[in-house]
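Remarks on the structure that follows.
What follows is calculated from the coordinates using simple rules that are stated; it is not laboratory data. The model shown is predicted, which means the values in this text are computed figures rather than measured ones. Reconstructed Cβ throughout: ideal geometry from the backbone, glycine too, with neighbour counts over all protein chains shown.
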Amino acid sequence: MQIADSAAAFATLGTSGVTIGNFDGVHLGHQALVRRTLDVCRARGLACVVVTFRPHPRTVLTPERPHAPLSTREQRFALLEGLGVRHILELPFTRQLAALPPETFVREYLLPLAPRELVVGHDFTLGRGRSGHPDLLRRIGRELGFGVEQVPAVLADGAPVSSTRLRRCLAEGDVALAQCLLGRPYALSGTVAHGEGRGAGLGFPTANLEGAATLLPGNGVYATRARCGGRSFDAVTNIGRKPTFGGGRLTVESFLLDAAEDLYGQDLHLEFAARLRGEQRFADAGALSRQIGADVAAARRLLAAENGRDAGPAAACGGRP
């Protein structure tokens, strides 16, 4: 896959079909947009170029608000490549770029791609003050020689799929709905690090995930699937501050069912299947240990049931579109 930060790198492609977005998470709406762009390009003999930005615009425009991504850059590009994308123009995002009028942006950054078709999402805007709405882009396109197609919203559970909605449901711990919006389980990746050893003392030794670069689901206990050390495990994952032991820093701890080996220092990948309960403070360690035992039993039942049926997007959405 070709990734460049300047349109000049694509000079040999000839005419192109273009789509633009942040593609954070590469959810079902993003997937539909990319697939439609690829279809248009195949039908018209155009090279497909995906235009995106680095860093995410919110980190530049609102730096005072923390903004954890829904996917890493590497994950995002791998997902786009899996859809069939071969050319990505990754523009450095600055306040100066955000302040450009739509026509200036088009002339400076899109025209060098020799576009014949621009495909945009249902809520797309471009340029200063989000003034580059699709109708304006169509007028610009008629002058400069390209068409503009707007792809309708993708609905899941009766509402449009969007990154904002995905963030909201993750904050609420609704990882089942997150899977519905993504078409795959939401996941975290990092490294297994040493913790405080309390899990082992309770009879449930945990793998402590460090270095996760993406948004954490809301505090609580989850049924998850883990990949570590070349093996796959069902797991119970707690995201929280250990209120039973007085609270502390936010941690991600997973009890890997039926795992016995030492996993410290290895890469750990967690896929979230369902939220089992919220974070709780227990009267003592014994009460907590009994609850963890119940959580493990619940996770085994839930994950076994999921393994026995189609775990695709329709199943995650309860069969709803």
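Tabulated results
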{"item": "Relative compactness, the chain, computed as alpha-carbon Rg over 2.2 N^0.38 Å", "result": "1.14"}
{"item": "Burial order of peptide ranges 41-50, 255-264 (average beta-carbon count within 10 Å, highest first)", "result": "41-50, 255-264"}
{"item": "Cα gyration tensor category, rounded, prolate or oblate, for segment 1-43 with a/c compared to 1.5", "result": "oblate"}
{"item": "Full-stretch length increase - Ala78, Ala193 - with 0.36 nm per residue and alpha-carbon distance subtracted", "result": "38.8 nm"}
{"item": "Nearest-ten-degree value, helix 285-307 long axis tilted from longest Cα axis of the chain", "result": "50"}
{"item": "Inter-site label distance for His269 and Leu257 at 7 Å from Cα along Cβ, in nm", "result": "2.0"}
{"item": "Cα shape, segment 2-153, gyration tensor, a/c 1.5 rule", "result": "rounded"}
{"item": "In degrees, nearest ten, helix 73-83 long axis to first principal axis of the chain (Cα)", "result": "70"}
{"item": "Cα-projected label distance for Gln96 with Glu108, points at 7 Å along beta-carbon direction, nm", "result": "0.7"}
{"item": "Quarter of Cα convex hull surface for segment 159-316, i.e. mean projection, nm²", "result": "9.2"}
{"item": "Arg65-Ala283 FRET efficiency (beta carbon distance; Förster radius 45 Å; 0.05 resolution)", "result": "0.75"}
